[in-house]
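Data block below; observations after.
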Amino acid sequence: MGRLKDKVAIVTGAADGIGLAISKVFAKEGATVVMVDVNEDKCKREAQAILQQNQNALPLFCDVGSTDMVNGMVQTCMETYGRIDVLVNNAAISVSGLVSEMPDEDWDRLMNVNLKGVFRCIRACMPHMLLAEKGSVVNIASGQAHRSWDNWTAYATAKGGMLSMTTQLAGQFGHKNIRFNSISPGAILTPMAEERIEKEGAAYVKASKLQAAMLRFGKDHEVALAALFLASDEAAYITGDDIKVDGGLCALPRYME
Ligand SMILES: NC(=O)c1ccc[n+]([C@@H]2O[C@H](COP(=O)([O-])OP(=O)(O)OC[C@H]3O[C@@H](n4cnc5c(N)ncnc54)[C@H](O)[C@@H]3O)[C@@H](O)[C@H]2O)c1
């Protein structure tokens, strides 16, 4: 308890899945969590549940695909709490499809949320972190940034861009005590994964389990614990790093049927 005491943390995509698990763990460890999501009702309900446990959370409706909304969200956070210690860029959408058949709209929609959304949130938070001369940014990437899965080129490209952004910014702002790290989850059972199970069926479940050395899906809470470590002062000398929370997925050769 208290590993994030007195810290203010923005978590995007906080209403469900990994972002919700991160919000719960952060609040339990003493952070005030600004829960950002486009699913306003669920975000409010989840924040309320956290508040009922005498922990701190503020739900904010915000689409990370909109510059105005992101800037407004960060302004609200500053006006309300006067600081931003941690930013977790977790919000993302999943759009699959053969790259040879993918319409521009699908590619652009995905990049706008999954990659440009990260840039927007970092850009809006940076002036405040620079002034405070401290901060921890945790980017939720994916195992798909490290290896191939058929028909997920756009999604993987955005996650690869996120890893490069993490490295660049870690190098540039280390001397200002602002840390940038990422987490690459493997297959984690969340609503996003359930959507894929619905679309791809038993083959996805089988491949997800068999591609991991641990032969199972990961849990959102298991990703959240890595985010907690990177956000906390326990990781004070860690920047530019990527933690794979993937049950050994990246340690194995690609699984093929
Ligand atoms: N689930 C997995 O297997 C897996 C694996 C690797 C990486 N990831 C990554 O982990 C992160 C979380 O994934 P998840 O599985 O929990 O997803 P999810 O779909 O279960 O939850 C995502 C949340 O983000 C919100 N969101 C979507 N678009 C948004 C936007 N434009 N602005 C604000 N909020 C938005 C959704 O409303 C939802 O609450 C994502 O970055 C995802 O790419 C997930």
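Where a number appears in this text, it was derived from the coordinates with a stated rule and is not lab data. From a predicted model like this one, the values you see are computed outputs, not experimental measurements. Positions of Cβ are generated from backbone atoms using ideal geometry, with glycine treated the same way; all protein chains shown enter the neighbour counts.
Tabulated values for the structure
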read-out: Relative packing of peptides 125-136, 152-163 - highest average C-beta neighbours within 10 Å first; value: 152-163, 125-136
read-out: Ranked S96, S182, criterion: other C-beta atoms within 10 Å, fewest first; value: S96, S182
read-out: Order of D37, D108, D242, D85 - criterion: other Cβ atoms within 10 Å of each residue's Cβ, fewest first; value: D108, D242, D85, D37
read-out: 0 to 90° range, to nearest 10: angle between helix 153-173 axis and the chain longest Cα axis; value: 40
read-out: Footprinting exposure proxy for L115, L20, L189, L87 (fewest neighbouring C-beta atoms within 10 Å first); value: L189, L115, L20, L87
read-out: Estimated [θ] at 222 nm from DSSP helical runs (n ≥ 4, -39500 (n - 2.57)) normalised by residues in the chain, nearest 500; value: -14500 deg cm²/dmol
read-out: Cα centroid separation - the stretch 190-257 against the stretch 1-31, whole Å; value: 19
read-out: Cα centroid separation, the stretch 68-88 to the stretch 97-126 (Å); value: 22
read-out: Beta bridge orientation in the chain: antiparallel %, DSSP, nearest 5; value: 0
read-out: 18 Å Cα cut-off, lysine pairs counted over the stretch 8-248 (separation 8 or more, or different chains); value: 13
